[in-house]
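A.B. asks: Here you go, one structure.
The values are calculated or read from the model by the stated rules, or taken from the named source; none is laboratory data. Since the model is a prediction, treat every value here as computed from it, not as a measurement. Note that each Cβ is placed from the backbone with ideal geometry, even for glycine, and that neighbours are counted across all protein chains shown. What goes into the accessible areas is simple: the full protein's heavy atoms, side chains included, and nothing from ligands, DNA or RNA. Shrake-Rupley method; radii C 1.70, N 1.55, O 1.52, S 1.80 Å.
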Amino acid sequence: MAFLADALSRVKPSATIAVTQKARDLKAKGRDVIGLGAGEPDFDTPDNIKNAAIEAIRRGETKYPPVSGIAPLREAIAAKFKRENNLEYRAEQTIVGTGGKQILFNAFMATLNPGDEVIIPRPYWVSYPEMVAICGGTSVFAETSIDNGFKLTATELEKRITPKTKWLLMNSPSNPSGAAYTEQELREIADVLLKHPHVWTLTDDMYEHLTYGDFVFKTIAEVEPALYERTLTMNGVSKAYAMTGWRIGYAAGPVALIKAMDMIQGQQTSGACTIAQWASVEALNGPQDFIAKNKAIFQNRRDLVVSMLNQASGISCPTPEGAFYVYPSCQGVIGKKAASGKVIGSDEDFVSELLEAEGVAVVHGSAFGLGPNFRISYATSEALLEEASIRIQRFTNALA
Ligand SMILES: Cc1ncc(COP(=O)(O)O)c(C=O)c1O
């Protein structure tokens, strides 16, 4: 339609939302569908956080917030970075947005000129390249492989840096692969960045609290303090505190960048919902035992899904360090024929046949820039995960 902006032609709709919708439509028609597409915890927000919001309403905290966030939340964010990441940020170096998503948008809007490049390791979260495109930048994809746990290597990063590179976008633990970088792996990335002072790092640490076993989470500014002056450390309450609907994300970085993001936000939303901000103060400052309990549940689910998927013929599923996703390869089923008669030529064919045949909704890897793979979100009950895995096994074992 001629009326619409040219920028829209560069943007794709979200594949994860499309899968969730397709599963919903099939369910509405009476089909028995297990949806493993959604990227949100299935837990409810803890009561202490809900109560903090209710009290904020009763106190009359219902006016416009300061654009960058209410002072108690910015202080709680600074304290969180000190406590958990050993990073010294003053409250004025922090900003609160309407979800981590808006923080990313603000950062790209505030920094990207046409032709500026953002290095994005793939597989990537579906929204990154679209956000970069909307903001007029160019995504430069860096390759990873299942053999190195879907992690960016120093050599690959070096290859992708040009004079136009503005940002390296890091996401650990990763959506969609669940891969999380060890301190040593970040050290190697940091060593490359030290050689290229014009490259900043935007680190999306949304899944920080969801790592398993003895994995120790680190973020890049902590690993290499010399990068602190050119890093935006992004995080949020959505995944760790089961607060996806409250829409609060935050970041910390150099004051000049935060001020630029504040200016954009001031013209865009005037700041995030005051009541949700008060809830987030409680999330960050209140009891943290909820996180450990959830982690244990997620770890059991991960182990269940990995083990059952590895028993499905043609599927190979590595064990990721974190988040609530697995990203198995379906290379072994490509070229095989489903009971419907259709030959599976791609991961997209695989997920669509799986949904038709067995009512299991997963997202094809090519939507995240690397296939043939598929993403399973295990943020659902063990009973459903077990049933879904049985169905996947039945489906792949029946391929001819
Ligand atoms: C990697 C990653 N970053 C950011 C976000 C967005 O978080 P929020 O819901 O706070 O906007 C998500 C949500 O799915 C995500 O997976």
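A.B. asks: Let me spell it out: the conditions are (1) in the same structural domain as TRP246 (by TED's automatic domain parsing); (2) on the phi < 0 side of the Ramachandran plot, and ILE17 meets all of them except one. Which number is the exception?
C.D. replies: Of the numbered conditions (1) in the same structural domain as TRP246 (by TED's automatic domain parsing); (2) on the phi < 0 side of the Ramachandran plot, the odd one out for ILE17 is (1).
A.B. asks: Within the stretch 149-168, is even one residue within 16 Å of the ligand (Cβ to nearest atom), farther than 19 Å from TYR124 by Cβ and either at pLDDT below 95 or surrounded by fewer than 24 Cβ atoms within 10 Å (Cβ to Cβ) (or both)?
C.D. replies: No, the stretch 149-168 contains no residue that is within 16 Å of the ligand (Cβ to nearest atom), farther than 19 Å from TYR124 by Cβ and either at pLDDT below 95 or surrounded by fewer than 24 Cβ atoms within 10 Å (Cβ to Cβ) (or both).
A.B. asks: When only residues in the stretch 194-230 that are of a type in the set (Val, Ile, Thr) and more than 16 Å from the ligand (Cβ to nearest atom) count, which is surrounded by the most Cβ atoms within 10 Å (Cβ to Cβ)?
C.D. replies: By that ranking, first place goes to VAL199.
A.B. asks: Is it true that GLY37 is modelled with pLDDT of 85 or more and crowded, with 19+ Cβ neighbours inside 10 Å?
C.D. replies: yes
A.B. asks: Can you confirm whether TYR89 is open to solvent by 80 Å² or more (accessible area, probe 1.4 Å), among the hydroxyl-bearing types (Ser, Thr, Tyr) and farther than 26 Å from ILE161 by Cβ?
C.D. replies: No; evaluated as a whole, the condition is false for this residue.
A.B. asks: Give the residues of the stretch 358-379 that are touching a Lys or Arg at 6+ places or on another chain (Cβ under 9 Å) and under 15 Å from GLY178 (Cβ atoms), sorted by residue number.
C.D. replies: VAL362, VAL363, GLY365, PHE368, LEU370, TYR378, ALA379
A.B. asks: Can you find a residue that is of a type in the set (Phe, Trp, Tyr), within 15 Å of the ligand (Cβ to nearest atom) and touching a Pro at 6+ places or on another chain (Cβ under 9 Å) anywhere in the stretch 84-106?
C.D. replies: Taking every residue of the stretch 84-106 in turn, none turns out to be of a type in the set (Phe, Trp, Tyr), within 15 Å of the ligand (Cβ to nearest atom) and touching a Pro at 6+ places or on another chain (Cβ under 9 Å).
A.B. asks: Tally up the residues in the stretch 235-262 that are within 14 Å of the ligand (Cβ to nearest atom) and assigned to a loop (DSSP other than H, G, I, E, B), please.
C.D. replies: 9
A.B. asks: If you go through the stretch 6-32 one residue at a time, how many are more than 17 Å from LEU355 (Cβ to Cβ), within 22 Å of the chain's Cα centre (by Cα) and open to solvent by 70 Å² or more (accessible area, probe 1.4 Å)?
C.D. replies: Residues meeting the conditions: 3.
A.B. asks: Further question: Which members of the stretch 380-392 meet the condition of being among the polar types (S, T, N, Q) and crowded, with 18+ Cβ neighbours inside 10 Å?
C.D. replies: THR380, SER389
A.B. asks: May I pose another question? Residues that are in contact with a helix residue (DSSP H, G or I) (Cβ under 6 Å, 6 or more places away or on another chain), within 25 Å of GLY365 (Cα to Cα) and in contact (Cβ under 8 Å) with a residue 60 or more places away in the chain: does the stretch 155-174 have at least one?
C.D. replies: No, the stretch 155-174 contains no residue that is in contact with a helix residue (DSSP H, G or I) (Cβ under 6 Å, 6 or more places away or on another chain), within 25 Å of GLY365 (Cα to Cα) and in contact (Cβ under 8 Å) with a residue 60 or more places away in the chain.
A.B. asks: So which pairs qualify, if the first residue must be in the stretch 78-96 and in the same structural domain as TYR207 (by TED's automatic domain parsing), the second must be of a type in the set (Ser, Thr, Tyr) and open to solvent by 40 Å² or more (accessible area, probe 1.4 Å), the Cβ gap must be under 8 Å, and the two must be at least 6 apart or on different chains?
C.D. replies: LEU87/TYR228
A.B. asks: Every residue in the stretch 243-257 that is open to solvent by 10 Å² or more (accessible area, probe 1.4 Å) and under 16 Å from the mean Cα position of the chain (by Cα), please.
C.D. replies: Passing the criteria: THR244, GLY245, ARG247.
A.B. asks: Right, next: Consider ILE120 against the criteria (1) within 16 Å of the ligand (Cβ to nearest atom); (2) surrounded by fewer than 19 Cβ atoms within 10 Å (Cβ to Cβ); (3) of a type outside the set (Asp, Glu); (4) under 17 Å from THR203 (Cα atoms): it satisfies all of them except one. Which criterion is unmet?
C.D. replies: Status for ILE120: all satisfied but (2).
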